[in-house]
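What follows is a short report on a single structure.
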Amino acid sequence: MSVPMLVSRASEPHRPDTIVRVGEQVTFGGDSVVLIAGPCSVEGRAMLLDVAHRVRAAGATMLRGGAFKPRTSPYAFQGLGRRALELLAEAREATGLPVVTEVLDVRTLPLIVRHADLLQVGARNMQNFALLAELGRVKKPVLLKRGMSATVAELLMAAEYVMANGNGQVILCERGIRTFETATRNTLDIGAIPVLKRETHLPVIVDPSHSTGKNEYIESVSRAAIAAGADGLIIEVHPHPDEALSDGAQSLKPEAFAEAVGNIKRVAAAVGRK
């Protein structure tokens, strides 16, 4: 007997798009494009609060920041952990921006749930099925990033793990996949956006920072993603990218982010989005 997939449009063809609500005012999947911005890692109080205020002024509707960082090298900066979560909560209080941060381990999930509004599953954990199942049991929305070598079908099945365990508030994120190309950090699968929109009712956003790995390409890729139908963007912003403790090369300065937002808004308006 075939079991209907909760993520699929095929199981319920006339089902409306899922609207995922984060905090009191942010919605994914409606007419508005959601802009998430902030540093790759929370490095300290002054920097985080500065970036939070500046991205909000530029038009961001959510703040991102890593507390626990999955790094390729065990000697690289791993994040400030609990202290970073406390600073994110302070930044939310100061700016009104809901916050998103990455969950790496079921052992730290209760701590992160207490501080974050949106729980991110990174590319490396997309098929961490124990973590996905546990996220299905919490009462917070989940941002699920596509694995670096995952197919669209595998991404959807990962989302199914969360939904099958009781949490229907899932947002999908295309963040580039690993290919033979080396001009960018990853290869953004722009075609995955309309494919996902056809196959699932869940919101879809794009990460132009991880897909390109180079800040000079972020605005162009962001505009393309919105034109292709993405419901939002998650962009890394740092006041001094050359001094960033992680992913500085793919971070925009706040003033560059503000300029990019103006151009992204024009594309959104052209395709009937706010």
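The values are calculated or read from the model by the stated rules, or taken from the named source; none is laboratory data. Bear in mind that the values here come from a model prediction, so they are computed numbers and not experimental data. No Cβ is skipped: glycine too gets one built from the backbone with ideal geometry, and neighbour counts run over all protein chains shown.
Here are some notes:
- In region 149-166, the residues that are buried (at least 18 other Cβ atoms within 10 Å of the Cβ) and part of a loop (DSSP other than H, G, I, E, B): Ala150
- Count of region 56-84 residues which are farther than 19 Å from Thr27 by Cα, touching a helix residue (DSSP H, G or I) at 6+ places or on another chain (Cβ under 7 Å) and part of a helix (DSSP H, G or I): 1
- Top-ranked residue in region 241-262 [being in contact with a helix residue (DSSP H, G or I) (Cβ under 8 Å, 6 or more places away or on another chain) and assigned to a loop (DSSP other than H, G, I, E, B); ranked as surrounded by the fewest Cβ atoms within 10 Å (Cβ to Cβ)]: Lys253
Per-residue answers, yes or no, for (1) modelled with pLDDT of 95 or more; (2) acidic (Asp, Glu); (3) over 25 Å from Arg273 (Cα atoms):
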position: Leu49; (1), (2), (3): yes, no, yes
position: Thr72; (1), (2), (3): no, no, yes
position: Tyr75; (1), (2), (3): no, no, yes
position: Gln78; (1), (2), (3): no, no, yes
position: Leu88; (1), (2), (3): yes, no, yes
position: Leu109; (1), (2), (3): yes, no, yes
position: Gln120; (1), (2), (3): yes, no, no
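- Selected residue (only one of Glu160, Glu102, Glu174 is under 15 Å from Gly66 (Cα atoms) and among the charged types (D, E, K, R)): Glu102
- Subset of region 139-156 (residues that are over 15 Å from Asn125 (Cα atoms), basic (Lys, Arg) and in contact (Cβ under 8 Å) with a residue 40 or more places away in the chain): none
- Residue match in region 85-95 (condition: assigned to a loop (DSSP other than H, G, I, E, B) and either farther than 18 Å from Asp247 by Cβ or not polar (S, T, N, Q) (or both)): no
- Under the condition of being among the acidic types (Asp, Glu) and outside any loop (DSSP other than H, G, I, E, B), the residues counted in region 1-55 number 1.
Residue-by-condition table, conditions (1) under 19 Å from Leu144 (Cβ atoms); (2) in a loop (DSSP other than H, G, I, E, B); (3) among the aliphatic types (A, V, I, L, M):
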position	(1), (2), (3)
Leu172	yes, no, yes
Ala183	no, yes, yes
Ile190	yes, yes, yes
Leu196	yes, no, yes
Val221	no, no, yes
Ala224	no, no, yes
Pro239	no, yes, no
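- Restricted to region 206-222, and to residues there that are charged (D, E, K, R) and either out of contact with any Pro (no Cβ under 9 Å at 6 or more places or on another chain) or buried (at least 24 other Cβ atoms within 10 Å of the Cβ) (or both), the residue that is nearest to Ala256 (Cα to Cα) is Glu216.
- Taken residue by residue, region 131-144 has no member that is surrounded by 19 or more Cβ atoms within 10 Å (Cβ to Cβ), within 25 Å of Leu85 (Cβ to Cβ) and touching a His at 6+ places or on another chain (Cβ under 7 Å).
Per-residue answers, yes or no, for (1) of a type in the set (Lys, Arg); (2) surrounded by 22 or more Cβ atoms within 10 Å (Cβ to Cβ); (3) touching a Ser or Thr at 6+ places or on another chain (Cβ under 9 Å):
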site	(1), (2), (3)
Ser32	no, no, yes
Gly44	no, no, no
Ala67	no, yes, yes
Phe77	no, no, yes
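- Put simply, of Ile226, Ile264, Ile235 the only residue that is in contact (Cβ under 8 Å) with a residue 40 or more places away in the chain and under 23 Å from Phe68 (Cβ atoms) is Ile235.
- Filter result (under 17 Å from the mean Cα position of the chain (by Cα), aliphatic (A, V, I, L, M) and more than 29 Å from His238 (Cβ to Cβ)) within region 4-51: Ile19
- Region 223-240, subset over 15 Å from the mean Cα position of the chain (by Cα) and not charged (D, E, K, R), residue surrounded by the most Cβ atoms within 10 Å (Cβ to Cβ): His238
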